[in-house]
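J.: There's a structure below that I have some questions on.
The values are calculated or read from the model by the stated rules, or taken from the named source; none is laboratory data. Bear in mind the structure is a predicted one, so any value in this text is a computation, not a measurement. Glycine also receives a Cβ, built like all others from the backbone with ideal geometry; neighbour counts cover every protein chain displayed. Note: areas computed on protein heavy atoms with side chains; ligands, DNA, RNA excluded. Shrake-Rupley method; radii C 1.70, N 1.55, O 1.52, S 1.80 Å.
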Amino acid sequence: MITQFIQDMYEQLERELPQQAGIQLNADLYNIRLQDMAVRLHHVEMAHKERLALLGCYALVLLSLRIHDQLPTDPAAAGRSVLDGDFIMSFYLQFALRHGFIDLIAELAPVIKQVQIKRAERKQTDEAHIHKQTVKYITKRYKKLYPLTQTFKQVTYDVV
């Protein structure tokens, strides 16, 4: 179920990614963070189309950072890789706007920038901060829209 959901999301991204970019998205179906986000999104009440778009935004941010992080040693290939990473980040912004997630962009921008700065300074960092901020965003946005999907504490009373 989750693998199919991630596959569907990649198919949507492929349909919307401009062909002239010449970028082939490799479906990372077994990425642990992507799987975790997919599971979390399945537990939030929202339209399937919205769920796919939100997971797509998250996948694009991860992909952009990974492309930038894994630069080839060949200068020509490295240049192309940097451009691909920049294009994917730009596509993420367009994709998020197109699907109504301007608030996600505002929420993730400072965290993405922090990760980029740490990587530029060659400091150890991973996508955990982006994952946490995205989860926080989902909780905040959908708690307002769908309060009945939130968990409630059980209250017990002693009978006297």
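J.: Report the full-extension gain for the segment Ala106 to Ala120: residue separation times 0.36 nm, less the Cα-Cα distance, to one decimal in nm. Display every interim value, and only then the final one.
T.: Working: separation 14, 0.36 × 14 = 5.04 nm, distance 2.18 nm.
Net length gain for the segment: 2.9 nm.
J.: Evaluate the distance, in nm, between pseudo-label points positioned 7 Å from the Cα of Thr73 and of Lys140 along their respective Cα→Cβ axes.
T.: So the label points at Thr73 and Lys140 sit 4.3 nm apart.
J.: Projected onto the charge dipole of segment 2-154 (+1 at Lys/Arg Cβ, -1 at Asp/Glu Cβ, origin at the Cα centre), which of Ala120, Leu13, Asn26 gives the Cα projection farthest towards the positive end?
T.: Value: Ala120.
J.: I've got another one for you. Across 10 Å bins from the origin, how do the percents of Cα pairs in segment 87-143 run, short distances first?
T.: So the P(r) values, bin by bin, are 22, 50, 25, 3.
J.: About the Cα centre of the chain, what is the dipole size in debye to 20, counting +1 per Lys and Arg Cβ and -1 per Asp and Glu Cβ, all else neutral?
T.: Numbers: 20 positive and 18 negative charges, 111 e Å.
Dipole magnitude for the chain comes out near 540 debye.
J.: Still on this structure: Pairs of alpha-carbon atoms within less than 8 angstrom and 6+ residues apart define the contacts here; what relative contact order does the chain have, in percent?
T.: On the way: 113 pairs, mean separation 31.9, N = 160.
Rounded, it is 20 percent for the chain.
J.: Could you work out what % of the accessible surface of segment 2-154 is carbon and sulfur, using a 1.4 angstrom probe and leaving DNA, RNA and ligands out of the count?
T.: Of the solvent-accessible surface of segment 2-154, carbon and sulfur hold 55 percent.
J.: Enumerate the calculated ³J(HN,Hα) couplings along segment 128-141 in order (Karplus 6.51 cos²θ - 1.76 cosθ + 1.60, θ = phi - 60°), each rounded to whole Hz, writing x wherever the residue is Gly or Pro.
T.: Going residue by residue, I get 4, 5, 5, 4, 4, 5, 5, 4, 4, 4, 4, 4, 5, 5 Hz, with x marking Gly and Pro.
J.: Please identify the chymotrypsin sites (Phe, Trp or Tyr not before Pro) of segment 4-90 that satisfy two criteria: DSSP loop assignment and at most 11 other Cβ atoms within 10 Å. Which are they? Please list the in-between numbers first.
T.: Details: sites: Phe5, Tyr10, Tyr30, Tyr58, Phe87; in loops: Tyr30.
Within segment 4-90, the qualifying chymotrypsin sites (Phe, Trp or Tyr not before Pro) (loop, at most 11 other Cβ atoms within 10 Å) are Tyr30.
J.: Oh, and also: Can you tell which of Ala47, Leu63, Leu93 lies farthest toward the positive end of the dipole of segment 2-154, using +1 and -1 charges on the Cβ of basic and acidic side chains (Lys, Arg; Asp, Glu)?
T.: The listed residue farthest towards the positive side: Ala47.
J.: Let me ask another. Restricting everything to alpha-carbon atoms, can you work out Rg to Rh for the chain with a Kirkwood hydrodynamic radius?
T.: Values: Rg = 18.0 Å, Rh = 17.1 Å.
My calculation of the ratio gives 1.05.
J.: Now for a different question. What angle, in degrees between 0 and 90 and rounded to the nearest 10, separates the Cα long axis of helix 2-16 from the longest principal axis of the Cα atoms of the chain?
T.: 50 degrees
J.: Which is the longest stretch in the chain that no exposed loop site breaks, taking sites as GluC sites (Glu not before Pro) with a DSSP loop state and at most 15 other Cβ atoms within 10 Å? Before the final figure, lay out each step's value.
T.: Working: sites that count: Glu45, Glu121.
Between the exposed loop sites, the longest stretch runs 46-120.
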